[in-house]
Amino acid sequence: MSLSTKNVLLFLMGLVLLVLSGWLLVLARPLLVALSISALLAYLFNPLVVMLAARLRGKRSLAAAVIYTLVLAAFAGLFALLGAVALNQWPRLQQELQDALVIMQGWLTRPFPLFGFEVYPEAVLNGLRASWGNALSTLTISTDGLFSSLTDNLLWTLVVLVSFFYLLKDGHRIQPMILSLVPAPHKDDARQLLAEVDTVWSVFLRVQLFIFVVLLMLIGSSTALIIWLFRQGWLPLSPIGLALLLVGVYAAIQQVDNLWLRPQLMGHALELHPGVIFVGLIAGLALSGLLGALLIVPILATVKVMGRFIYTRLTLTSKEEEDSHPEGVP
């Protein structure tokens, strides 16, 4: 077999492996999402595990179990609190919804002028309701499909919870395992690269937490102000109008976050151009949803660090070869 034939076969095999790897990644996308969530949570709470393990004389397994239990208890308490608040406010909300429906029915019975014609909203809504009913009649809604979806969500939630615990418990072994696979002459370079990548993700999490606190303060203060103005009678709005105003304010805050706050803070902290971060956020949101928008920025910063490291090593290697073989010397 000639050398060119071997090269062609190797190229074809590599292409087949690349296609199979991409196919497996597509199939395993839910698993990757679940593992990404658990890895992000484990990385976030790892400093607490390290501090608690130091107080427990190096018993990391016990420290991981304690932190894991506290995190689950905090999430369960938060959901229970939200559920209790919702149940407590439900009678009042139900009454406000009934009042809003009465107001809307009054609107529907009054025609409004449009291009010289009188349009009856009730007739328009009846036509839309009929069209919507025809569209729904073409769809098959199966209880088996609904049950299967709920089962899948529960299974992936279980994957997140289990992998989160084991990453808290044994996540510190990942870096030594990676270093053990690197040849001895390159261990220092690999250790330096892993340290830089770890710094990128640590900075990202700190900035992300700061952004979360800022957004929480903006949403909380704006909601409290709007509700206070509404109760004082300075906002003559119906409950539906109040809800639409709140949704508009939340959307505006989200746009400020996407267009200015996150690109500026992340760009300054991770040394990335704000335009690159903005495009990355939009692309991550469009391709992978909220998780993609959350992880795209540290991934871009990691790619930048790895690219800069590879470029530096290649430049140093080329310079060393030039120094060892001066021009004119064989």
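The values are calculated or read from the model by the stated rules, or taken from the named source; none is laboratory data. The shown structure was predicted, so the numbers you read here are calculated from the model rather than taken from an experiment. So basically every Cβ, Gly included, is an ideal-geometry build from the backbone, and we count neighbours across all protein chains shown.
For A65, the criteria (1) surrounded by 10 or more Cβ atoms within 10 Å (Cβ to Cβ); (2) at pLDDT below 75 hold in every case but one, which is (2).
Which of the following residues is at pLDDT below 80 and either in contact with a strand residue (DSSP E or B) (Cβ under 6 Å, 6 or more places away or on another chain) or assigned to a helix (DSSP H, G or I) (or both): L245, L261, L314, L237? Full working, then the answer.
On the way: L245 fails: at pLDDT below 80; L261 fails: at pLDDT below 80; L237 fails: either in contact with a strand residue (DSSP E or B) (Cβ under 6 Å, 6 or more places away or on another chain) or assigned to a helix (DSSP H, G or I) (or both).
Going through L245, L261, L314, L237 in turn, the sole match is L314.
Determine if region 73-80 includes at least one residue that is assigned to a helix (DSSP H, G or I) and either crowded, with 17+ Cβ neighbours inside 10 Å or touching a residue at least 40 places away in the same chain (Cβ under 8 Å) (or both). Checked against the condition, which is being assigned to a helix (DSSP H, G or I) and either crowded, with 17+ Cβ neighbours inside 10 Å or touching a residue at least 40 places away in the same chain (Cβ under 8 Å) (or both), region 73-80 yields no hits at all.
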